[in-house]
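Here the structure is laid out as C-alpha cells; the discussion comes afterwards.
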Amino acid sequence: MTQQIEIGRLLRAGTTGFVAGCRVNQLDAPVFGALIRAPLGEGYQVYGIIHDIHIDDDGLVRQLVTSNNVSDDVMRDNRENRIVPVEMSVLAVGYEQDGKVHHLLPPRPPLSLDVIYLCDDKDLVRFTERFGYFRHILNGKDVPVGEVLAAHILQAGKAHEKDGETWKSKATQEIITLLRDDYPTLMSVLGALGEVIQ
Amino acid sequence: MPIDYQQIYTRIKEIGQGAQERRRKKEEAQASARALLNTYASELEYLRSKVDSAKQADSNTRCALPINESLASHYPIPDSVIQATLIAADGSQINPDRHAAIQFCVVNVGAIQMKLNSGETPEIFTDTELLYGDDLLPNGYPMSDGLVALKRDLAERTKLDELSKGLQGSVVTFTDGPIELWGAKGEDANSYEAIVQKYLGVLSRLQERGVITAGYVDKPSADLVVRLLEIAFADNEQIQKMREFHPLRGVSDRWLYGEHNNPLLPPGHRSAVFGIQSTSEKKYTGILSLHFFYLNVGTEGHPWIVRVEIPKWVADDKSKLDLLHGVLVEQCRMMGSKPYPYLLHRAHETAVVKMEEKQQIEQMLAMELRNHGEEMDDGSYKQSAKDLPGRTKR
C-alpha cells in the first residue's frame, strides 16, 4: 500500500500551478523539486513539482531578529503556534484519471484546503516513465528551470534505483532535444544537471 | 474640503512659536523635581505624613505612597529566571453599536502560557463571549463602552486565575494596563460595583494560591511620584488646595526615572515599590491593596521606563517581587529594539478582533435570526451614508 506523507493543504490554485501551505513543523518532508500529488476523489489526482518554498516574515519576526538571543520557548511558539504558514509553490505537470497518467495540464485544479501528499518512489517511477511533463517545467514562468530539473532528476533517478543512471541519461537527452533551439537556456540547464549527473 | 488647512497652519505656527518658552518652563520644573527628589528621597515618614494631610484635605488625592524604600533607590535585575510558568492575557471587544442592524457585543480574551526552559511549546487559549438581547441591558441600562471594557478586564484576570489553577512551582501572570479597574461608575453604578466585587474575588483567589500577578503599563503617563514631590513641597495653606497647586506641571515620572542622558534607573533596574494613594484604596484593601514600581526595560543610552502595578502580597514578598522583576526584563529583552513583554504581545495577537471577524459574526447572527423568523432591524441611515464609497469616506 502506498505510504501517504501529507505535506500540507492547498491555499490557492490555478490551472498551471498552485500554492500549498504547511506548518513549520511539517517542513521535514517537502523539498525543492519534489513530485507531489493532490488526490481529488473518484480516481482523479493532480501532480505537481515544487519549484519554490517560501517563508514569509511579519512584524513580530522582524522585531525578534533584532533581539540578542531568541529563546527556545520563543522559537517553538513562533514555529508551532503562530499562523505563518510555509508556502510551497507547485507547478502543475499532469494528472491521473482512472489509473492513467497524463502529462497534460489538469482539467480542474485542487480546491482550497485539499490535502497535498508527497509522491513515494513507486508514484515517482510511474509518473516519470515518459518525459512529456518536461515541457511544463521548461515553459514555467518565474521558475528556476535548470535548478528544478536538476533537483527533480536527482530525486527521480534515485527512485528508479538500478535503472536510475539509464533514466537520467534518457531524461538529459530529452531536455537537449526540447531545448535544441534555445541555446542559452540549454547551457544553463546543462550546467545545473552537471551537478547531478556523473 | 475635509479640513481647513489654513486654520491648522496658523495654529501650528503659534504652537511652534511657544516652544522655547515651554521648554524653559519644563526645564525649570524638571530641575525643581530633581532637587525635591534629592531632598526628600529618604524622608519617608515625613512624606507619608504629608500625604495624610493632603488626603484629609481632599479625599480624591492621587499620588505615590512611599513604603520602605528610598525614592531614589534602584535595584538591579535579579538572577536569571530558570523555572517558572508565565501566563499573559489580553482582551479585545466589539462594543454594541446602536447604528448597526443587530445589537450585539463580544468580549474576547486571548492568553498564552509558557513554561520556561521546559522544552514544551507555549499553549494558547481563547475565550469568546457573545452578548445579545437582555445581556446588553444590565440593570435595565444600555451597556456602555466603559462597562464592556470592565467586563473585558474582569475576563482577562479571570482567565489568568483559571489557567494558573493546578500549576506547580512559581507562576507569574500579567496583563497589559493597570491592575486597578477603571471605568464609568456613572449611570450604572450597580453593574460597576458587581464587576469590581468579582474582580476582587479573582485577585483573592490568585493571592490564596500564591500566584504572582501584575499589570504592565507601557509609556505610563501618570505622575504619581511627581505628585508626591509636589505634596512634599506644599506648605500648610497650599496643601488645602492641592488641585490648584502644580509647581512641577510638565514633569513626568517617566522623565524622573528615565531622563535620557542620566536615567535614575540603569537598564534592567527597578525603582522603589510605592503604594498608590487614591480613592481605590477603599476597594483594594489589605493584602489586595495596590502598589507599583517603575522599571527600566531599555538599554544603555535608550532608557524605557514602564510602570508595573502589583498587589500587596507581591510587594511584600521579596522572592516574588524579584521573580516578577526578572521575568519582565527577560520578556522585554526578547523583543529586541522595542522592549515589550513578548507574551503580552502574543496574548494581544491572539485576542484582537478584526473588522472582518466582526462582520462575520454579524452575518452569522443575522442568518440565524432570519432562519428563526425573528424580525430584523435596519442599520441607521447615518451609518449607511458613512459607509458610502468615495471622497466622503474616511
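The values are calculated or read from the model by the stated rules, or taken from the named source; none is laboratory data. This one's a predicted model, so the numbers in the text were calculated from it and none came from an experiment. Note that each Cβ is placed from the backbone with ideal geometry, even for glycine, and that neighbours are counted across all protein chains shown. Quick note on the areas: whole protein, heavy atoms, side chains included, nothing else; ligands and nucleic acids left out. Shrake-Rupley method; radii C 1.70, N 1.55, O 1.52, S 1.80 Å.
Observations on the model:
- Single residue of the range B:135-173 satisfying the filter (in contact with a helix residue (DSSP H, G or I) (Cβ under 6 Å, 6 or more places away or on another chain) and part of a helix (DSSP H, G or I)) that is surrounded by the fewest Cβ atoms within 10 Å (Cβ to Cβ): B:N139
- Check on B:A89, small (G, A, S) and assigned to a loop (DSSP other than H, G, I, E, B): no
- Residue in the range B:368-388 that is in contact (Cβ under 8 Å) with a residue 60 or more places away in the chain and within 14 Å of chain A (Cβ to nearest Cβ) present: no
- Breaking point among (1) in contact (Cβ under 8 Å) with a residue 12 or more places away in the chain; (2) farther than 30 Å from B:T350 by Cβ, for B:A35: (1)
- Enumerated helices (runs of 4 or more DSSP H) restricted to the range B:183-282, each holding at least 2 residues that are surrounded by fewer than 19 Cβ atoms within 10 Å (Cβ to Cβ) and without any contact (Cβ under 8 Å) to a residue 40 or more places away in the chain: B:189-208, B:236-239
- When residues of the range B:75-95 are limited to those that are within 18 Å of B:M334 (Cβ to Cβ) and β-branched (V, I, T), the one surrounded by the fewest Cβ atoms within 10 Å (Cβ to Cβ): B:I82
- For B:A84, the test of being within 14 Å of chain A (Cβ to nearest Cβ) and closer than 25 Å to B:H269 by Cβ is passed.
- Residue check, A:P39 more than 14 Å from every other protein chain (Cβ to nearest Cβ), in contact with a Ser or Thr (Cβ under 9 Å, 6 or more places away or on another chain) and surrounded by fewer than 17 Cβ atoms within 10 Å (Cβ to Cβ): no
- Some residue of the range B:104-121 being away from chain A (no Cβ under 14 Å), part of a loop (DSSP other than H, G, I, E, B) and open to solvent by 30 Å² or more (accessible area, probe 1.4 Å): no
- Matching option when the condition is surrounded by fewer than 19 Cβ atoms within 10 Å (Cβ to Cβ), at negative phi, within 14 Å of another protein chain (Cβ to nearest Cβ) and in a loop (DSSP other than H, G, I, E, B), among A:V70, A:V61: A:V70
Results for (1) part of a loop (DSSP other than H, G, I, E, B); (2) within 14 Å of another protein chain (Cβ to nearest Cβ); (3) not aliphatic (A, V, I, L, M), shown as yes or no for each residue.
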site: B:F293; (1), (2), (3): no, no, yes
site: B:V306; (1), (2), (3): no, no, no
site: B:D322; (1), (2), (3): no, no, yes
site: B:G326; (1), (2), (3): no, yes, yes
site: B:Q331; (1), (2), (3): no, yes, yes
site: B:G336; (1), (2), (3): yes, yes, yes
site: B:V353; (1), (2), (3): yes, no, no
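- Verdict on B:R23 being open to solvent by 50 Å² or more (accessible area, probe 1.4 Å) and within 28 Å of the chain's Cα centre (by Cα): no
Quick grid of which residues meet (1) more than 14 Å from chain A (Cβ to nearest Cβ); (2) out of contact with any Cys (no Cβ under 6 Å at 6 or more places or on another chain); (3) closer than 30 Å to B:Q360 by Cα:
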| site | (1), (2), (3) |
| --- | --- |
| B:V172 | no, yes, no |
| B:G177 | yes, yes, yes |
| B:V202 | yes, yes, no |
| B:Q207 | yes, yes, no |
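- Residues in the range B:242-277 that are in contact with a Phe, Trp or Tyr (Cβ under 9 Å, 6 or more places away or on another chain) and under 15 Å from B:L65 (Cα atoms): B:D253, B:S271, B:A272, B:V273, B:F274, B:G275, B:I276.
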